[in-house]
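Trainee: Sharing a structure below in C-alpha cells format, with a few things to ask.
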Amino acid sequence: LDEPTTGLDVTTQAHVLSTVRELATLHDVAALYVSHDLAVVATLAERVAVMYAGRVVEIGGAEELFTSAGHPYTRRLVGAIPRLTGGRSLVGIPGHAVSPGRRPPGCSFAPRCTLRIDQCETAMPPLLPVGPGHAVRCIRAEIVLSEAQSRVGDPIDMPAADAAERLPLRLTDVVASYGQNEILHSVSLSLAAHECLALVGESGSGKTTIARAIAGLHRNWTGTIALDGTELPRAARQRSSETRRQIQYIFQNPYGSLNPRQTIGQIVGQPLRVFGTAKGREADRRIADMLERVSLTAAYARRYPDQLSGGERQRVAIARALVCDPTVLICDEVTSALDVSVQAAIVELLGSLQRDLGLSMLFITHNLPLVRSIAQRVAVLSQGNVVELGDTAQVLTDPQQPYTRQLLADTPSLETATSEAMETATSETGASEPPADLAGA
C-alpha cells in the first residue's frame, strides 16, 4: 500500500485503515504500508523500517521506534510529529536530504546530524542489532538510545485572537453552489488582523469552496465577503488589482502549482509583474529577498521546478504568494503531500512569516494535531455548515459537537499509540510504572 491515505480526511482515512486491517486478517495477508504519516504508522504497524537516502537506517518494532528510537534521523522525525495536546512548536530537520548523485562516502545523514564525528563521514555504518528485532545504522546508536525520546520544538503559548482587532476579512451568510447543488449553507466567519483561523472537516464539507470564493476563483455564491469593510465582487476578474494583491492563495499540490517551463525567479516574480509593484533590479532584489526569507537562497532563482524537492517547491509557492505583500493568505492543504519533517519546517516558516509580516491566515487542513501548532482559532465544517467555532485549544480538548468529537476520535494520534503501548508493557511486566525505555514517551 503506497500512501493510500495521503490527502484523505481523518474519517475517510480511519475507514480505509480499518478496512485494511480487517481484510489482511480475514485473508491472512501481510501488508507493506508505505507512508510519511507517522501518526498513522504508529497506530497501524507492528514493525517499522525507516529509510533515508536510499537505505534502511533503522528497523524494529513500532513501539520501540516511537518511544526509544536509536537513529538521530528517526528521533527527529518522531519529534516533529504534531500532537493533539499541542504545547510545542514544530521544528523540521535543518539542511536538505542529499540527492542520489551527491551522497557522501560515509553516513548520508551526517551533514544534518548534531552527533556526527569524523568517523561518520568516512565509511557507511552497517545495520547492527541493538536489541531483539531492533537494528540501527549508526555508530553512535548507544548514545542515542541512552537519551529519552522527547519533542523537538520549544514550548509555545498561542495567543488568543483579540476581538477588538480590525477584521480584514468577513463572510456573512455565504451560500455557494456547483450547478444546482448547494455546497455552503449560510456560512458566516471572520478573520482578525494577525490571526490564523484553521478550517477543518471531512472531504466535501466545503472548506476549499470557502477558500475559492474568498479568492474569487468560485463565482457561484451569494451573501457577502468583505475585505477591510469593502464588499468584494464574486469573480477575481471583477475585482481591482489592489484587492487581488491583498488576497493570495497557496495551493495544495507543490508539483502542480508551479509552471515547469519557468524558472523559480520568473515564478516568484510573476505577481510583481502582474500588479506592477516592482520592475528590473528592484524586482530581482525583492525576489532574492523573498527566497532568502523562505529559507532558500537567491541562487534558486535560476533553477526550474523539476530540480527542487516537494518541500522546496512549496517554499517557492509561499514566496510567490508573499512577494506582493498580501493582507490575507489562504493555505489550502499545503502540507498534505509532505513528510513530517518538511511539514514541520513549512508550518514553522508560515508561523514566523505570519508574525513577522502581520498576516491574517486561513489555514485549511485535515490534520487536526497540526492545527495546535499554528492556529489561534478553529472552525469545524460539516456538510457546508460551521458546526463549531472557537479557541483552538478549547475546541480540540473539549469539543461540544458530536461531529467534532468523532473527527478527533478518528484522528491517528501518537499519544494514543504510545500510551496503549505503555499500558501493554506495564500489564506484561506487572509493574506499576512504565519501563525505563518508555519513560520519555
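The values are calculated or read from the model by the stated rules, or taken from the named source; none is laboratory data. Since this is a predicted model, take the numbers as computed values, not measurements. Here the Cβ is made from the backbone with ideal geometry for all residues, glycine too, and neighbour counts use every protein chain on show. Remember, those area values only see protein heavy atoms, side chains included, never the ligands or the DNA or RNA. Shrake-Rupley method; radii C 1.70, N 1.55, O 1.52, S 1.80 Å.
Trainee: Being touching a residue at least 60 places away in the same chain (Cβ under 8 Å), open to solvent by less than 70 Å² (accessible area, probe 1.4 Å) and on the phi > 0 side of the Ramachandran plot is the requirement here; does Gly223 meet it? Don't jump to the end; show me each part of the working.
Mentor: Working: touching a residue at least 60 places away in the same chain (Cβ under 8 Å): no; open to solvent by less than 70 Å² (accessible area, probe 1.4 Å): yes; on the phi > 0 side of the Ramachandran plot: yes.
It is false that Gly223 is touching a residue at least 60 places away in the same chain (Cβ under 8 Å), open to solvent by less than 70 Å² (accessible area, probe 1.4 Å) and on the phi > 0 side of the Ramachandran plot.
Trainee: Could you please let me know if Arg261 is open to solvent by 80 Å² or more (accessible area, probe 1.4 Å), within 29 Å of the chain's Cα centre (by Cα) and farther than 20 Å from Thr277 by Cβ? First the steps, then the outcome.
Mentor: Values: open to solvent by 80 Å² or more (accessible area, probe 1.4 Å): yes; within 29 Å of the chain's Cα centre (by Cα): yes; farther than 20 Å from Thr277 by Cβ: yes.
When the stated conditions are applied, Arg261 passes them.
Trainee: In the list Tyr300, Tyr304, which residue meets the criterion of being open to solvent by 50 Å² or more (accessible area, probe 1.4 Å) and of a type in the set (Phe, Trp, Tyr)? Steps first, please.
Mentor: Working: Tyr300 fails: open to solvent by 50 Å² or more (accessible area, probe 1.4 Å).
Result: Tyr304 is the single residue among Tyr300, Tyr304 that is open to solvent by 50 Å² or more (accessible area, probe 1.4 Å) and of a type in the set (Phe, Trp, Tyr).
Trainee: Something else about it: Any idea how many residues of the stretch 30-67 are among the hydroxyl-bearing types (Ser, Thr, Tyr), modelled with pLDDT under 90 and part of a loop (DSSP other than H, G, I, E, B)?
Mentor: 1
Trainee: While we're looking at this one, here's another question. Test each condition in (1) touching a residue at least 40 places away in the same chain (Cβ under 8 Å); (2) within 23 Å of Leu296 (Cα to Cα); (3) assigned to a helix (DSSP H, G or I) for Thr208 and report the one that comes out false.
Mentor: All conditions pass for Thr208, except number (2).
Yes or no, residue by residue, for (1) of a type outside the set (A, V, I, L, M, F, W, C); (2) over 21 Å from Leu90 (Cβ atoms):
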{"site": "Glu242", "(1), (2)": "yes, yes"}
{"site": "Gln252", "(1), (2)": "yes, no"}
{"site": "Arg285", "(1), (2)": "yes, yes"}
{"site": "Leu296", "(1), (2)": "no, no"}
{"site": "Tyr304", "(1), (2)": "yes, yes"}
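Trainee: Take Ala235 and decide whether it is open to solvent by less than 20 Å² (accessible area, probe 1.4 Å) and touching an Asp or Glu at 6+ places or on another chain (Cβ under 7 Å). Please lay out each step first, then the result.
Mentor: On the way: open to solvent by less than 20 Å² (accessible area, probe 1.4 Å): yes; touching an Asp or Glu at 6+ places or on another chain (Cβ under 7 Å): no.
It is false that Ala235 is open to solvent by less than 20 Å² (accessible area, probe 1.4 Å) and touching an Asp or Glu at 6+ places or on another chain (Cβ under 7 Å).
Trainee: Exactly one condition in (1) open to solvent by less than 70 Å² (accessible area, probe 1.4 Å); (2) in contact with a strand residue (DSSP E or B) (Cβ under 8 Å, 6 or more places away or on another chain); (3) more than 30 Å from Glu292 (Cβ to Cβ) is not met by Ser240; state its number.
Mentor: (2)
Trainee: Looking only at the stretch 62-90, count every residue that is open to solvent by less than 20 Å² (accessible area, probe 1.4 Å) and farther than 22 Å from Val371 by Cα and tell me the total.
Mentor: So the answer is 9.
Trainee: So, restricting to helices (runs of 4 or more DSSP H) that lie completely within the stretch 323-408, which ones have at least 1 residues that are farther than 28 Å from Glu292 by Cβ and under 18 Å from the mean Cα position of the chain (by Cα)?
Mentor: Here the list reads 368-371, 392-397.
Trainee: Can you find even one residue in the stretch 102-119 that is closer than 24 Å to Ser68 by Cβ, touching an Asp or Glu at 6+ places or on another chain (Cβ under 6 Å) and open to solvent by less than 90 Å² (accessible area, probe 1.4 Å)?
Mentor: If we filter the stretch 102-119 for residues that are closer than 24 Å to Ser68 by Cβ, which is where we start, we get 107-110, 112-117, 119.
Of the ones still in play, those that are also touching an Asp or Glu at 6+ places or on another chain (Cβ under 6 Å) are 110.
Of the ones still in play, those that are also open to solvent by less than 90 Å² (accessible area, probe 1.4 Å) are 110.
Scanning the stretch 102-119, I find at least one residue that is closer than 24 Å to Ser68 by Cβ, touching an Asp or Glu at 6+ places or on another chain (Cβ under 6 Å) and open to solvent by less than 90 Å² (accessible area, probe 1.4 Å), so the answer is yes.
Trainee: Among the residues of the stretch 18-43, write down those that are out of contact with any Pro (no Cβ under 8 Å at 6 or more places or on another chain), among the aliphatic types (A, V, I, L, M) and open to solvent by less than 60 Å² (accessible area, probe 1.4 Å).
Mentor: Once the filter is applied, which keeps residues that are out of contact with any Pro (no Cβ under 8 Å at 6 or more places or on another chain), among the aliphatic types (A, V, I, L, M) and open to solvent by less than 60 Å² (accessible area, probe 1.4 Å), the stretch 18-43 yields Ala24, Leu38, Val41.
Trainee: In addition: Those residues that are touching a His at 6+ places or on another chain (Cβ under 8 Å) and either among the charged types (D, E, K, R) or open to solvent by 20 Å² or more (accessible area, probe 1.4 Å) (or both), I need them from the stretch 203-220; list them, please. Walk me through how you get there before you give the answer.
Mentor: Going residue by residue through the stretch 203-220, those that are touching a His at 6+ places or on another chain (Cβ under 8 Å) are 203, 209, 212.
Matches in the stretch 203-220: Ser203, Arg212.
Trainee: So which pairs qualify, if the first residue must be in the stretch 5-29 and without any contact (Cβ under 8 Å) to a residue 60 or more places away in the chain and assigned to a helix (DSSP H, G or I), the second must be open to solvent by less than 60 Å² (accessible area, probe 1.4 Å) and of a type in the set (Lys, Arg), the Cβ gap must be under 8 Å, and the two must be at least 6 apart or on different chains?
Mentor: If the second residue must be open to solvent by less than 60 Å² (accessible area, probe 1.4 Å) and of a type in the set (Lys, Arg), no pairs are left.
Trainee: Please go through the stretch 389-416 and give me each residue that is touching a strand residue (DSSP E or B) at 6+ places or on another chain (Cβ under 9 Å) and crowded, with 21+ Cβ neighbours inside 10 Å, ordered by number.
Mentor: Thr392, Val395, Leu396, Thr404, Leu407, listed by residue number.
Trainee: Cβ-Cβ distance below 9 Å, separation of 6 or more or different chains: which pairs start in the stretch 280-303 with a residue that is among the charged types (D, E, K, R) and end on one that is in a loop (DSSP other than H, G, I, E, B) and surrounded by fewer than 18 Cβ atoms within 10 Å (Cβ to Cβ)?
Mentor: Within 9 Å, the pairs are Arg286/Thr277; Arg302/Thr263; Arg303/Thr263.
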